[in-house]
Amino acid sequence: LRIMAAMKININALSLNTPYKKQCSRPPSRRSLSSVRSSSRSVRSKVVVASASPNGSVPVSPKKVVITGGTGLVGSALASTLTSRGDNVVILTRDRFKARGSVKPARGKDAGALAFVETQDFADAVRGAYAIVNLAGEPISTRWTDEIKREIKSSRIRITELVATTINELPEEDRPKVLVSASALGYYGTSMSATFDEQSPGGTDYLAEVCRDWEVAASAAEVERRVIVRIGIVLSNEGGALAKMVPLFQMFAGGPPGEGSQWFSWIHRDDLVNMLITAIDDSRYEGVVNGVAPSPVRMSEFCSRLGQTLGRPNWLPVPGFALNAVLGEGASVVLDGQRVVPSRAQELGFQFRTTSVQQCLEVELVKEVSSSFI
């Protein structure tokens, strides 16, 4: 069970759209609960949800924004934040009726509209939009067969090519001005010692190839401004790696996959949402931007801090050979990593609200504990 759970820890951050389903509801002890609450008091006032004007920018006029992958962990939060500041959001989905339950629309007289469209109506949705944010792609945390590898790649290329083709077929005056398209840290390959920024060359492994082709597909879109955000491991109590690891630690079964020396380049979901919105609004954002926090850590440190924050031991690693036996080539998702820094975002003055992994864990675990008592 630990091996199957560990395979869902998305080291290369290619999986943005896996919905969260709560697992193992056993709460932490009262002692650890008190510790989490106490240690978080100093940071709770500093870390807030994404604001209507990211990074203190001046208020912007309402926009129409189209999102692919808008029902996932990142896309749903992005859609909610955009509508809360008055933007009108349209989400491309396979099933618009089912998708309605995945996104919480903003309320209030100034909230923007939220709509869902399927592929046959996509061109009409894109017409006249200010921006498209492309986040769609199939999860990669599984055993890689040849068929699954083809789908991992084709799902990203197919949607991105649809976005580019739809844009290019519209009259120039009806095209979106901005395309913000996701990529992932897998672009850089893996390394135990190197540090990668936006100027670093791409890797040569399978995931690097996927990311490279993904970005090439986005480059075909004829827009005024294009931003590629290479996204790290997104931390949130609502899904992704953190939500899958917490239940294991609560059961006293937590520990790093493999030796734990692989790099863990992460970003808090609120910071990523703010970065995506800033990329929409700020004309200085163009080209590649790494969507990671400025303080990557080793996997062993992340697991140690998670255990300490929960009041649980970090003592049961998943052996690499076991992961290889279960996942085959797909084990690289949890056994390998890369140290990536957000040089371009920092040059542009982006203000990260959560800069340390300890701060992130304290805030997110307070949210998790609080929600369990509601």
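The values are calculated or read from the model by the stated rules, or taken from the named source; none is laboratory data. Fair warning: this is a prediction, and the values are worked out from it, not measured in the lab. With ligands, DNA and RNA removed, areas are computed over all heavy atoms of the protein, side chains included. Shrake-Rupley method; radii C 1.70, N 1.55, O 1.52, S 1.80 Å.
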If the convex hull is drawn through the Cα atoms of the range 250-296, its volume per residue in Å³: 107
Could you work out how much longer the chain between Asp110 and Phe252 gets when fully extended? Use 0.36 nm per residue separation minus the Cα distance between them, nm to one decimal. 46.5 nm
Cross-link reach list, aspartates and glutamates versus Lys109, counting only Cα pairs under 13 Å and skipping chain neighbours closer than eight places: Asp87
For Ala184, enumerate residues with amide H under 5 Å from its amide H, sequence gap 5+ or separate chain, H modeled in the peptide plane. Ile231
Ranking Ser343, Ser265 from most to least accessible area with a 1.4 Å probe gives Ser343, Ser265
Where only protein heavy atoms count, and the probe is 1.4 Å, what is the accessible area per residue for the range 56-214 in Å²? 46
Given the whole protein assembly as supplied and a 1.4 Å probe, what does the accessible area of Met251 come to in Å², nearest 10? 100
Go through the range 228-243 residue by residue and turn each phi into a ³J(HN,Hα) via Karplus (6.51, -1.76, 1.60, θ = phi - 60°); whole Hz please, and just put x for glycine and proline. 9, 9, 7, 8, x, 6, 8, 9, 7, 6, 9, x, x, 4, 4, 5
